[in-house]
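See structure below.
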Amino acid sequence: MKSGLKRSNAPIFWALFGGGGMLSALVGPMLVFITGIAIPFGLLLPEGAMSYPKMLAFAQNWLGKAFVFAVIALFLWHAAHRIFHTLHDVGIHAGVAARLICYGSAFVATLVSAYVLLGLGF
Amino acid sequence: MSKRRPYVRPMDGWWKKNPYFVEYMVHEGTALFVAAYAFTLLVGLVRLGQGEAAWNGWLEALKSPLSLAFHAVLLVAILYHTYTWFKIMPRTLPPIIVGGKKLAPATITGGGLMAALVASLVLLGLVWRIAQ
Amino acid sequence: MSESQKTIEIEVLRYNPETDQAPHLQVFQVPFADDMSVLQGAQYIKDHLDGSLSFRWSCRMAICGSCGMMVNGEPHLSCQTFLRDYYPARVRIEALSHFPIERDLVINMEGFIDKLESIQPYIIPKEKRSLAQGEYLQTPEQLNAYEQFSSCINCMLCYAACPQFGLNADFVGPAAMALLHRYNMDSRDGAAEERMELVAAEEGVFNCTAVGYCSEVCPKQVDPANAVNINKTNAAKDYFLRFLSPKGGSK
Ligand code: SF4
Ligand code: FES
């Protein structure tokens, strides 16, 4: 066995990548359709479905909170990990800058969404 | 003295040299669209936190033709993500043994796509109920 | 060569370490027959046109794993790939991608051999059995668990198909991981924890981005991508659960 092997910390990012990849594969397209096409243009769903009182109530419900948080955070961790690897693929190697841009923005977005969701109350 | 001088070929542009790699880059690229959508939702969430007027402004912005085009592109890209995510799944999952036989790759991919369809319909149903 | 003899152009990536700064392409006119493999094309060149052309081969029947080449940019066993599938177009053959070229179509495989060794490719029994205890028995199901991963012929086509190996030559890579998995899955073996140190290391499975092309080009349906990705799950379990159990394989 080779000596001097260092354990990789990739499992953390890989798990988030996988979780976000699975969630976005399962519900991503439908979410885009609902929030970006159906509701704004009154297709299939009434425009009022995303009215302020309805959305506020949704984001105040703990299940709704969890869903919004999971979608925003996991989608971004998924994307960050993939984009980071793609940068490596095209020859921009794991520098501090690449790491900071990819995982850093996912991290900040996670904090912001947690902050807003908690601020909305229960 | 050794006459050996092993030549290491450069990797520049490797992803353009094989259709298989081109497709790989395209499906990796869907991550940009997943990120763009998550940021759109994040902006919406921040606007929701700022109160009714801010939220209505965000809703109004969603009704622009530009936003429609943007979301149409997102829809196509993320649908492609869904398809490729489940297409590679037979290679990433441990073998699933049913009745003493390994589940066929097509069954795993098909099962994943079915799960996505069911999850999407459940989501649509829930939103429809909330809307009432 | 008779008047009516069909010919095919074979373009070869040549490299002579004694005289060439870098590899270059050279085109040969080779008489074409329907039943000729790409390997036979190369052999014709060596026997009749340029005796200095270097390449490896042995069995001519897709079992020894020594004749791998890039054929029109795709990794193939040249003895199992036929010129008729390209004729009348020109065929380009090159040394397997991602490996250093030793000379012409011959690659340097020292790194690969080191990797094979590093995975401890032999059964390390959980506990030694004495002769009196008799042989190790295995049910068909237990054989099934690893058999596919034991059919590897070390042809290295999967490495030539793996861009992550091309980008980072330290990555253990598909075939070595398939072989590692073959021993881990063997009911007679008890060294999965020991091997985990390499699986979970920076040289290990997390270099893989699930491109999947390695499994596509494998001539023996080993599905090395599956072995690599199953071991990502195993390594992640080991990563998160090592705090719970005191005896994780890796430090
Ligand atoms: S896994 Fe397949 S492609 Fe890779 S070395 Fe073994 S037989 Fe060849
Ligand atoms: S010569 Fe043995 S595999 Fe091709």
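The values are calculated or read from the model by the stated rules, or taken from the named source; none is laboratory data. Nothing here was measured: the structure is a model prediction, and the numbers come from that model. As a convention, Cβ positions derive from the backbone with ideal geometry for all residues, glycine included, and neighbour counts pool all protein chains shown. Areas reflect the complete protein model, heavy atoms only, side chains present, ligands, DNA and RNA absent. Shrake-Rupley method; radii C 1.70, N 1.55, O 1.52, S 1.80 Å.
Measuring with a 1.4 angstrom probe and ignoring ligands and nucleic acids, C:GLU117 comes out at about 130 Å² accessible. Residues of region C:115-159 whose accessible area (probe 1.4 Å, heavy atoms of protein chains only) drops by at least 40 Å² once all protein chains are present, relative to their chain alone: C:SER118.
Amide H contacts of C:GLU11 (H built 1.01 Å from N, in plane; Pro and chain starts excluded): C:PHE28, C:VAL91, C:ARG92, C:ILE93 sit under 5 Å, all sequence-distant by 5 or more or on other chains. Chains C and B together bury some 2600 Å² of accessible area, summed over both sides, with a 1.4 Å probe.
With a ≥ b ≥ c taken as the square roots of the eigenvalues of the C-alpha gyration tensor of the protein assembly as shown, please select rounded if a/c is under 1.5 and otherwise prolate if a/b is larger than b/c or oblate if it is not? Judged from the Cα gyration tensor, the protein assembly as shown comes out prolate (a/c at least 1.5, a/b above b/c).
In chain A, taking the dipole from charged Cβ atoms about the Cα centre, the farthest positive-side position among A:ALA66, A:THR86, A:VAL116 is held by A:THR86.
Here is how the number arises for chain B: DSSP H runs of 4 or more residues each give -39500 (n - 2.57), the sum is divided by the residue count, and the result at 222 nm is -25000 deg cm²/dmol. The mean count of C-beta atoms from other chains within 10 Å of the C-beta of residues in C:218-229, rounded to a whole number, is 2.
Farthest towards the positive end of the charge dipole of the protein assembly as shown, among the residues C:MET70, B:VAL122, C:LEU116, is the Cα of B:VAL122, using unit charges on the Cβ of Lys, Arg, Asp and Glu. Residues in region C:8-18 carry Karplus couplings, in order, of 10, 8, 10, 9, 10, 7, 9, 8, 10, x, 7 Hz; the curve used is 6.51 cos²θ - 1.76 cosθ + 1.60 with θ = phi - 60°, and Gly or Pro positions show x. Separation of region C:1-31 and region A:15-83, taken as the distance between their Cα centroids, equals 58 angstrom. Here B:SER64 sits with roughly 40 square angstrom of accessible surface, probe radius 1.4 Å.
Name the shape class, rounded, prolate or oblate, that the alpha-carbon gyration tensor gives for region C:14-114, where a ≥ b ≥ c are the square roots of its eigenvalues, rounded holds for a/c under 1.5, and otherwise prolate holds if a/b is larger than b/c and oblate otherwise. It is oblate, given that a/c is not under 1.5 and a/b is not larger than b/c.
For the protein assembly as shown, the per residue solvent-accessible surface stands at 48 Å², with DNA, RNA and ligands left out and a 1.4 Å probe. Only helical runs count toward this figure. For chain C, summing -39,500 (n - 2.57) over DSSP H runs of n ≥ 4 and dividing by all residues gives -8000 deg cm²/dmol at 222 nm. Only Cα pairs under 8 Å and 6+ residues apart enter the sum, and on that basis the relative contact order of chain A stands at 31 percent. The listed residues C:THR19, B:THR109 rank as C:THR19, B:THR109 when sorted by accessible area, largest first, using a 1.4 Å probe. Pairing chains B and A buries close to 4600 square angstrom of accessible surface in total, based on protein heavy atoms and a 1.4 angstrom probe.
Taking all protein chains together, A:ARG7, A:ARG99 sort by accessible area into A:ARG99, A:ARG7, largest first [probe 1.4 Å].
Share of carbon and sulfur in the accessible area of region B:50-100 stands at 73%, probe radius 1.4 Å. Exposed loop sites are taken as chymotrypsin sites (Phe, Trp or Tyr not before Pro) in a DSSP loop (any state but H, G, I, E or B) with at most 14 other beta carbon atoms within 10 Å; the longest stretch of chain C without one runs C:1-121. Of the solvent-accessible surface of chain C, computed with a 1.4 Å probe and all protein chains present, 50% belongs to carbon and sulfur.
Among residues other than A:PHE41 with Cβ under 15 Å from its Cβ, the summed charge is -1 (Lys and Arg +1, Asp and Glu -1).
The Rg/Rh ratio of region B:12-92, with both radii computed over alpha carbons and Rh defined as the Kirkwood radius, is 1.15. Only DSSP H runs of four or more residues enter the estimate; each adds -39500 (n - 2.57), and after division by the residues of chain A the mean residue ellipticity at 222 nm equals -21500 deg cm²/dmol.
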